[in-house]
Amino acid sequence: MDNVKTIAIDGPSASGKSTVSKGVAKELGFTYVDSGALYRGVTWQALRKGVDTKDPEAVIDSMYDADWDFFVQDGATVFSIDGDVPVQELREKDVRESVANVAAIPEVRKFVVENLQSLANFGSLVMEGRDIGTVVFPDSPYKFYLDADPEERAMRRYRELVSAGEDEKAHEVMESLKKRDKIDSTRKTDPLVVAPGALVIDSTSMTLEDVIRTVIDAVMR
């Protein structure tokens, strides 16, 4: 295990990436990285500065004008933007609805990828996202792609939102998920695809513990 530096876990929205990655990181003693948080951070910064997230140049300007700092807290990487540490703010509806467009901007992806790669300085990582195994750490020998039936993914996201106090309807969640899937898989820069050599795990009928164990067993093999 001494040579393990990054476990890459990719997949579409609500496929279980975050929960699985946190579980794997905790069991192995690695640092957990949510790559999507950086895209949400760029989106949040643009929104709070009154920037139109459909204006790429304005989004890029707000991103580079900000002071970013990265650190590890409670086993996970965290970042501050101009001294503020957004956490719950990154999950707000306006951020969720705008992040796909922001994440499709090539310059934003370049910025995020470079910062994600720099996190290797913190040691061994479990990093989840949509292009970790294809773009961020393509040379990692430990690459996984989590997937699940679209209806199952939509229900997972719906339950997650309801527990967080959101009032979205199930059909709205499904439509939002379909929209995000289309943007992720068709964008010109770094589209969501299965990384070469990645182990594909369909978690539709698997328990969380089973998925975590599948990943760890493959890493320890």
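The values are calculated or read from the model by the stated rules, or taken from the named source; none is laboratory data. Source: prediction; values computed, not measured. FYI the Cβ positions are ideal-geometry reconstructions off the backbone, even for glycines, and counts take in every protein chain you see.
Annotations for the structure displayed:
- When Asp167 is tested against (1) at pLDDT below 95; (2) part of a helix (DSSP H, G or I), just one condition goes unmet, and that condition is (2).
One line per residue, one yes/no per condition, for (1) among the basic types (Lys, Arg); (2) under 28 Å from Asp181 (Cβ atoms):
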{"site": "Thr31", "(1), (2)": "no, no"}
{"site": "Tyr39", "(1), (2)": "no, yes"}
{"site": "Met63", "(1), (2)": "no, yes"}
{"site": "Lys93", "(1), (2)": "yes, yes"}
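- Residue match in segment 113-125 (condition: closer than 29 Å to Glu168 by Cβ, modelled with pLDDT under 95 and of a type outside the set (A, V, I, L, M, F, W, C)): no
- Qualifying helices (runs of 4 or more DSSP H) (wholly inside segment 30-144; at least 3 residues being within 25 Å of Ser185 (Cβ to Cβ) and in contact with a Phe, Trp or Tyr (Cβ under 8 Å, 6 or more places away or on another chain)): 35-48, 93-103, 106-118
- Residue in segment 187-207 that is touching a Leu at 6+ places or on another chain (Cβ under 7 Å), within 18 Å of Ser15 (Cα to Cα) and either without any contact (Cβ under 8 Å) to a residue 60 or more places away in the chain or loosely packed, with under 13 Cβ neighbours inside 10 Å (or both) present: yes
- The condition of being exposed (fewer than 15 other Cβ atoms within 10 Å of the Cβ), modelled with pLDDT of 95 or more and not polar (S, T, N, Q) holds for Gly75.
- All of (1) among the polar types (S, T, N, Q); (2) surrounded by 19 or more Cβ atoms within 10 Å (Cβ to Cβ); (3) closer than 22 Å to Thr214 by Cβ hold for Gln45 with one exception: (3).
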